[in-house]
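Data block below; observations after.
The values are calculated or read from the model by the stated rules, or taken from the named source; none is laboratory data. Since the model is a prediction, treat every value here as computed from it, not as a measurement. As a convention, Cβ positions derive from the backbone with ideal geometry for all residues, glycine included, and neighbour counts pool all protein chains shown. Heavy atoms of the whole protein, side chains included, go into the accessibility calculation; ligands, DNA and RNA do not. Shrake-Rupley method; radii C 1.70, N 1.55, O 1.52, S 1.80 Å.
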Amino acid sequence: MAIWQYTLSYSEKHRKYMIKDNDRDEGLSITSHLKIDLPAIVCLSLMVVAAALRFWDLGLRSVGYDESLHLYYSFQFSEGLGYQHNPITHGPFQFHMIGLFFFFFGDTEYMSRVVAAMFGTVLVGMPYFLRNRMGTSGVVITSILLTFSPMMLFYSRYARNDIIMAVWTLGIVISLWRYIDEGRARYLYLTAFFLSLAFATKETTFIVIAIVGSYLLIVTSIDWIPWVLRKTVEDNLLQRSQAQNSVMENSNPSSYGYYYASPSIKKKLKDFSRAGAFMVLLFTLTLPQISAAVSFIQLGTVPIPILSNIFEWIKSSLYDSGVILASTRPPEGFPSGQSLFEFQGFQITKGSIIAIMVVIGTLWFSVLTGSTWNKVIWLKCAGIFYLTWTLFYTSFLTNMSGIGTGIWQSLGYWLVQHDVNRGDQPWYYYLVITPVYELLPFMLTVVAIIFYIIKGNKFTRFLSYWCVLTFVIYSIAGEKMPWLIVNIALPMIVISGKFVGDILTSINWQNVFRANGILLMPTTALLMYLLVRLIFYRPEEHNIIDVLHLFATTAFFFVALGLFLTIFVKLGSGTGVKVVALYLSLLLFLFGLKSTVGGSFEFQDVPNEMIVYAQTSQEVDKIMTSLVELNYQHGSDATQKIMVDRDVYWGLAWYLRNFENVEYADLENLNPPLSGSVLIVSEANRNKLFGY
């Protein structure tokens, strides 16, 4: 972020320093102009506030169930025990980053959440890089909303990868629009880097690619349709220069944004518009990663009856032929089936042969398409992408099997897991929980989408498309969890910031102050207060005081209404609506601060809080203190055992990492006698074992 710039100028007319040489005057003027970059200053200031909120007392809350899994494997990696990618726990990036902090700073609860806090802080400053599209007000409002967002703050203090994915997602969006505006190859390189890190972080990357890719597919139809059909369409624009095409493509014409791409005729990949070129890069880098999408045909169930019958027949045929493209059993997502032969200790199955053929085919097609588009740029992007991707999935070349688990099992496992519907939430789950924590962005998004569809440009229509499709896809997905709202809230916050910023800049504030329009804000608050009092007023029978109070409240209401209408008419309906909308947004923002503080600092481990899911009780800290004291008393006694109920084992894996003699068992059906000095049992099984 460039906060200021110095401009040096040479001037013959305005001299400040005179040098005489052989009766000849030469003038050199050095003038310094300090240019303040307001968005940069504000974003940096907000990042400081965000850091304070995110790093303060990170170790206070007990480690949750999912956190325990992530931290346990990160701890093992930091201890030199290696790491092997498993799609159940998502991508390897988080484990390597947390393990790195454990290695240098120690394995504490505080350090376990530092990575999430860092990414949550970085996210706050990222809207700055969209300033040419968002405007100064839009950038500032978006950063403020990201700073105090209940969802963003909570999961910036939680060892999950969703806040990391928010950074990669916004990074891809920024790179897209910076490339469309400027056409510099460095934004394509950044896209390749962000994309590789996203795939190395979480499988929700496939949803991001589906949204951005489908948008580009729509708006660049003038590029790829003639290319696919191999048709040449003649018109009077063929002689337009490349510079003229660039200006036309990146301008905002009066058609409110429906003019998406250059109208010049395309039949070659290298002649695609900037948006089309970005689509080619995204498609070619992603295609091998979605090879496992063919596993979808073995699900056997789709909402459309006819297709469902076809898929069921395909599924039965594959099973009868001994082909399993992705398995739900360990190794998760692995292509298995009938064994053909053994190679280097690995069983080669029919499913794995098909998987290898599909991956090689998609990789070949990607290389061919990318090289045809732009060989130099594509090879650099592919090098950045695959080098970064390979290093993380192989744990820096120590686990070469990670290439297979990353390119096939990641998507394969989550496809076959779709019908499991973990969490057992209804389709309207996000309609219920999102307004609870993100009420302001939720309401503003609804209004903004309607407005931008009618009077938007290509950027604001993209934001609308991003919001709608994100909400729809996550509502359809089988697994619905509160942390996934981070992905839903991100586009809502961006479009809300842009919308409020547009309102702020469209108001003539001099006229507002001249007409005392600022009084609309307190008048609106008074009207709302009196209206609520009237709606919920319940006077007691035959009580003259209550009746008089009712009449007084009604009179004050109409006086306030008259004052409101007077100012509103004086300002004009357009400006009046905007001022009132801004004030209501401010009220909702202040109301949302209660959820921000409550969710992250007051009720961060209370199960009744909807944002909290599978959270370990604070009582665990007391239990661990007792275990440490007991272990200290026994010293290195080999008979000192800890038996843990399978129902609670993974939630305690992090806490028990330093204990050597730990066993776990299904205590619901315990046949042999209990063994061990310590027994940790779930509440449900406690009643069965001990009768209380």
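Here are the numbers:
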quantity	calculated
Estimated translational D of the stretch 351-405 in µm²/s (Stokes, Kirkwood radius over Cα pairs; 25 °C; 0.890 mPa s)	197
Backbone N within the stretch 309-335 under 13 Å of label point (7 Å from residue 342 Cα along the Cβ vector)	none
Three-way shape call for the stretch 310-350 based on the alpha-carbon gyration tensor, with the a/c threshold at 1.5	oblate
Surface/4 of the Cα convex hull for the stretch 128-220, nm²	6.6
Order of exposure, largest accessible area first, which applies to 527, 100 with probe 1.4 Å	100, 527
Gyration tensor verdict on the stretch 466-575 (Cα atoms; rounded if a/c is under 1.5, prolate if a/b is larger than b/c, oblate otherwise)	oblate
Per-peptide average of other Cβ atoms within 10 Å, ordering 499-505, 593-599, 513-519 highest first	499-505, 593-599, 513-519
In Å², nearest 10: area of residue 398 left accessible to a 1.4 Å probe	100
3J(HN,Hα) from dihedral phi, the stretch 156-164, Karplus parametrisation 6.51/-1.76/1.60, rounded to Hz, x for glycine, proline	8, 10, 9, 7, 10, 9, 5, 5, 5
Hull shadow area, averaged, the stretch 492-551 [alpha-carbon convex hull, nm²]	6.7
Calculated diffusion of the stretch 314-472, Stokes-Einstein form, Kirkwood radius summed over Cα pairs, 20 °C and 1.002 mPa s, µm²/s	107
Residue 439-residue 534 FRET efficiency (beta carbon distance; Förster radius 25 Å; 0.05 resolution)	0.55
Full-stretch length increase - residue 619, residue 88 - with 0.36 nm per residue and alpha-carbon distance subtracted	188.4 nm
Computed label-point distance, nm, for sites residue 391 and residue 103 using a 7 Å Cα→Cβ extension	1.2
Label-to-label distance, nm, for residues given as residue 627 and residue 590 (7 Å Cα→Cβ offset)	4.7
Kirkwood Rh and Cα Rg combined as Rg over Rh, evaluated for the stretch 436-497	0.98
Rg and Dmax of the stretch 95-156, Cα atoms only, in Å	14.7, 43
Kirkwood Rh and Cα Rg combined as Rg/Rh, the stretch 312-406	1.06
The stretch 133-156 residues near the modelled residue 597 label - backbone nitrogen below 18 Å, point 7 Å along Cα→Cβ	145, 147-154
Which of 274, 538, 533 is most accessible, then next, and so on - probe 1.4 Å	538, 533, 274
In nm, spacing of pseudo-spin labels at residue 577 and residue 56 (7 Å Cα→C-beta vector)	4.0
Estimated FRET transfer efficiency (residue 317, residue 49; beta-carbon r; R0 51 Å; 0.05)	0.30
Net charge of neighbours whose Cβ lies under 11 Å from the Cβ of residue 413, counting Lys and Arg as +1 and Asp and Glu as -1	-1
Flagged links, alpha-carbon separation over 20 Å, of 202/498; 202/380; 480/622; 458/480; 498/578	202/498; 202/380; 480/622; 458/480
Solvent-accessible area of residue 546 with every protein chain in place, 1.4 Å probe, in Å² to the nearest 10	40
Efficiency of FRET between residue 360 and residue 684 - r from beta-carbon atoms, R0 41 angstrom, step 0.05	0.25
